[in-house]
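Some notes on the structure that comes next.
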Amino acid sequence: MNIKLAALFSALIVAAPTVFAVELYKDDTNALNVGGYVDVRVINTQGQTEVVNGTSRINFSFERKLKNDWMALALVEWGVNPVGSSDIVYNNRFESIQDEFLYNRLGYAGLSHEKYGQLTIGKQWGAWYDVVYATNNSFVWDGNAAGVYTYNKDDGAVNGTGRGDKLVQYRNSYKEFDFTIQAQLKNDDFYTCDITDISQSQCQTLWESGDSAAQRVEFNSTFGSAVTYNVTKMLTLTAGVNRGEFDLTFGDGTTRSVEDLIYGAGIKWGDFNAPGLYVAANVNKNQNHDTDNLGRLIKDAIGVETFASYRFDNDLRPFIAYNLFDAGDDYVIQPNFNADPNDVFKRQFAVIGLHYLIDADTIAYVEARKDFGDFQSNNKEQQALMEQSEDDGIAIGFRYKL
């Protein structure tokens with residue numbers, strides 16, 4: 001496999017700053033690699049101290065040489081929970097208890113050619129991640145303002161900006177430019193009601209009875225694109241957009257369309273894993289793209305992420321990061337049973353940390369988060385839920401790369 005094709009495939013594996021893989025098998029036609037790492041940590045936040053899983057995962061990548069310089073490729077990746085179930089499972093977010101030892105993160109297959117580019121189908125990192133990945137380097141409190149981990153810090157599968165489900169994606173390069181375009185081909189529909197404590201089936205029954213407080217939501221295909229300009233070996237510029245659409249049908253027969261849109265740009269200087277200075281930043285504008293901590297869709301928001309680190313010759317790498325996701329007030333789409341025009345949602349925090357690279361594949365780290373968020377509601381119970389996962393914290397951990 002030539003250098004350009006290898007670089008393109010590595011970028012697709014996680015579209016992230018680093019790719020870790022060990023060759024298990026290789027002949028004149030086929031190659032099999034395994035990658036991933038185990039990440040465990042002790043974390044204190046939200047009034048609790050626990051041993052939890054980090055972002056542990058394992059992946060297998062496959063390559064096969066075909067005729068006329070074509071290459072077939074595939075990758076499967078699972079998240080791994082090595083510490084067992086706990087009241088808190090922290091895996092890029094606080095989430096419900098994860099009982100499975102393995103759970104799906106990525107899975108796709110495709111074809112690649114040096115001249116004609118690369119086409120892949122499956123669950124994979126979205127084009128939007130190419131725009132903002134460079135700030136996503138804190139191990140514990142990574143970016144929650146870049147529009148990647150949408151729907152209250154989930155994995156971005158729904159709208160294709162993170163580890164998107166059901167993506168068809170094309171990548172290619174021309175001189176100093178890398179291009180990505182994608183379509184997320186899916187058909188999702190569900191029912192939602194402006195009523196507290198109601199099940200999906202009860203909401204559907206209410207919709208079928210003609211109640212205007214019930215809506216049938218269709219959220220189907222999304223589309224995205226990104227461009228990367230490698231200005232120099234050190235300086236990289238990115239830009240991109242991702243769009244989807246909700247079609248709402250109310251119980252009384254009225255309809256409404258809501259656009260899910262995010263667009264923005266990023267800049268990166270340096271190599272995060274190399275000695276010396278590394279700086280990255282990105283900014284985005286989004287509409288109906290993410291939810292607050294109560295699961296309410298946000299009409300408009302601005303997201304900003306910045307990250308700076310310096311790796312010294314002694315392999316200590318201190319860093320500082322800043323995230324801002326500002327929805328302002330009056331951000332909830334009407335009608336909504338708990339929408340208050342005076343509600344304020346402003347996620348804002350800083351992270352400071354120190355990574356010690358014991359060797360290239362073994363890292364000990366400590367990271368601390370300071371919250372500066374502004375969450376306001378006339379309903380104090382509601383406000384407490386808005387604030388719940390936005391707290392100060394400190395974590396000490398160990399990452400062992402395969």
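In square nanometres and to one decimal, what's the mean projected area of the convex hull around the Cα atoms of region 220-297?
Projected area, direction-averaged: 7.5 nm².
Over region 94-241, with a single point scatterer placed on each C-alpha, what log10 of the ratio I(q)/I(0) does the Debye formula yield at q = 0.11, 0.20, 0.22 1/Å?
Log10 I(q)/I(0), no solvent term: -0.57, -1.26, -1.35.
Pick from N273, N314, N152: which residue has the top mean-square fluctuation in a GNM of the chain where Cα pairs under 10 Å get a spring?
Looking only at N273, N314, N152, the largest GNM fluctuation is found for N314.
Can you pull the semi-axes for region 305-402, root of five times each eigenvalue of the Cα gyration tensor, sorted largest first, whole Å? Write out the running numbers ahead of the final one.
On the way: eigenvalues 283, 33, 23 Å².
Gyration-tensor ellipsoid for region 305-402: 38, 13, 11 Å.
Charges only on Cβ, +1 for Lys and Arg, -1 for Asp and Glu: so what's the dipole of the chain about the Cα centre, in debye to the nearest 20?
1640 debye
Using only helices, what value at 222 nm comes out for the chain when you add -39,500 (n - 2.57) per DSSP H run of length 4 or more and divide by the total residues, to the nearest 500 deg cm²/dmol?
After summing the helix terms and dividing by residue count, I get -2500 deg cm²/dmol.
What is the percent of Cα-Cα separations in the chain that go past 42 Å?
13 percent
What FRET efficiency do you get for Y25 and L185 if R0 is 45 Å and r is their Cβ-Cβ distance, rounded to the nearest 0.05? It would help to have the intermediate numbers written out before the result.
On the way: r = 33 Å, r/R0 = 0.73.
FRET efficiency, Y25 to L185: 0.85.
Which residue, V258, V231, V332, tops the fluctuation ranking in a GNM of the chain built on C-alpha contacts under 10 Å?
Comparing V258, V231, V332 in the GNM, the peak value goes to V231.
If each residue of separation counts as 0.36 nm, what is the full-extension length gain between Q48 and I352 once their alpha-carbon separation is subtracted? Could the numbers behind the result be given before it?
On the way: separation 304, 0.36 × 304 = 109.44 nm, distance 2.01 nm.
Net length gain for the segment: 107.4 nm.
What FRET efficiency would be calculated for the residue pair D315, Q376, taking the C-beta separation as r and a Förster radius of 51 Å, to the nearest 0.05?
Efficiency, rounded to the nearest 0.05: 0.70.
Which pairs in the list K65/K233; K166/K299; K346/K370; K299/K370 are over 23 Å apart, alpha-carbon to alpha-carbon?
K65/K233; K166/K299; K299/K370
Fewest first, what order do L119, L235, L75 take by the number of other Cβ atoms within 10 Å? Write down the numbers at each step before the final one.
Working: L119 15, L235 12, L75 24.
Listed from fewest to most nearby Cβ atoms, that is L235, L119, L75.
For region 339-396, compute the orientation-averaged projected area of the C-alpha convex hull (one quarter of its surface), in nm².
Values: hull surface 20.1 nm².
With every direction weighted equally, the projected area is 5.0 nm².
Among all the aspartates and glutamates, which ones have a C-alpha under 17 Å from K67's C-alpha, if same-chain residues fewer than 8 places away are not counted?
The reachable aspartates and glutamates, counting only those whose Cα sits under 17 Å from K67, are D27, D28, E114.
For the chain, return all DSSP H helices satisfying: extent of Cα atoms along own axis at least 15 Å; mean Kyte-Doolittle hydropathy at least -0.5.
Those that pass (Cα extent of 15 Å or more, hydropathy at least -0.5) are 3-14.
With springs only between Cα atoms under 10 Å apart, run a GNM on the chain and tell me which of E23, E390, E50 wobbles the most.
Sorting by GNM fluctuation, first place goes to E23.
Here, each number is a calculation from the coordinates, and none is a lab measurement. It should be emphasised that the depicted structure is a prediction, and the values quoted were computed from it without experimental measurement. As a convention, Cβ positions derive from the backbone with ideal geometry for all residues, glycine included, and neighbour counts pool all protein chains shown.
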